[in-house]
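Quick notes on the structure that follows.
The values are calculated or read from the model by the stated rules, or taken from the named source; none is laboratory data. Since this is a predicted model, take the numbers as computed values, not measurements. Every residue, glycine among them, receives a Cβ derived from its backbone with ideal geometry; neighbour counts consider all protein chains shown.
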């Protein structure tokens, strides 16, 4: 178990923390908005791909399924826009950090299982029906691109609010 933790889980946690840091520095958005934004990007890609492969009622069904998958992310992004006044400060950082520490310690086995399932799912899910196979392929792609990322972003160390701020040059950090 130590080998899995040292060579798989910890590097992925450090990578997710770097991804959150890069997102926060480049976009100046709170780090918790990275996951819903990525989910919408993946779903948009799947919508374009399903438009190229399907037509008629299977396409309408896939659009409905993709919209249902997008609703939680859209709701999260819209609620962040409405609560824009606070931004990302020390209070949000402390809350995200405490939640990440709890998830990091308590859910490491869940992260490994999600990672293993996302690696195996595209290979074990075979369907003879062409439309069903397209749905399963799309679901596999969605899960592979969003499942492990969400698990690791939730447990990663969030960036500090002033990280990447060119105006912040203080050697001492109070507060």
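Please tell me if residue 4 is under 30 Å from residue 131 (Cα atoms) and part of a helix (DSSP H, G or I). Here the answer is no, as residue 4 does not meet what is asked. Taking the numbered list (1) out of contact with any helix residue (DSSP H, G or I) (no Cβ under 9 Å at 6 or more places or on another chain); (2) outside any helix (DSSP H, G or I) in turn, residue 132 passes all entries but (2).
As for segment 70-90, it holds at least one residue that is crowded, with 16+ Cβ neighbours inside 10 Å and either free of Cβ contacts under 8 Å to residues at least 40 places away in the same chain or on the phi > 0 side of the Ramachandran plot (or both). Scanning segment 35-56 for residues that are touching a residue at least 40 places away in the same chain (Cβ under 8 Å) and assigned to a loop (DSSP other than H, G, I, E, B) yields one hit, 54.
Listed here are the residues, each with its yes/no results for (1) in contact with a helix residue (DSSP H, G or I) (Cβ under 8 Å, 6 or more places away or on another chain); (2) within 22 Å of residue 14 (Cα to Cα); (3) not in a helix (DSSP H, G or I).
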{"residue": "68", "(1), (2), (3)": "no, no, no"}
{"residue": "76", "(1), (2), (3)": "yes, no, no"}
{"residue": "80", "(1), (2), (3)": "yes, no, no"}
{"residue": "87", "(1), (2), (3)": "no, no, yes"}
{"residue": "102", "(1), (2), (3)": "no, yes, no"}
{"residue": "116", "(1), (2), (3)": "no, yes, no"}
{"residue": "128", "(1), (2), (3)": "no, no, yes"}
{"residue": "136", "(1), (2), (3)": "no, no, no"}
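Contact map, segment 18-34: first residue outside any helix (DSSP H, G or I), second residue modelled with pLDDT under 90, Cβ cut-off under 7 Å, separation 6 or more or different chains; pairs are 30/80; 30/88; 30/92.
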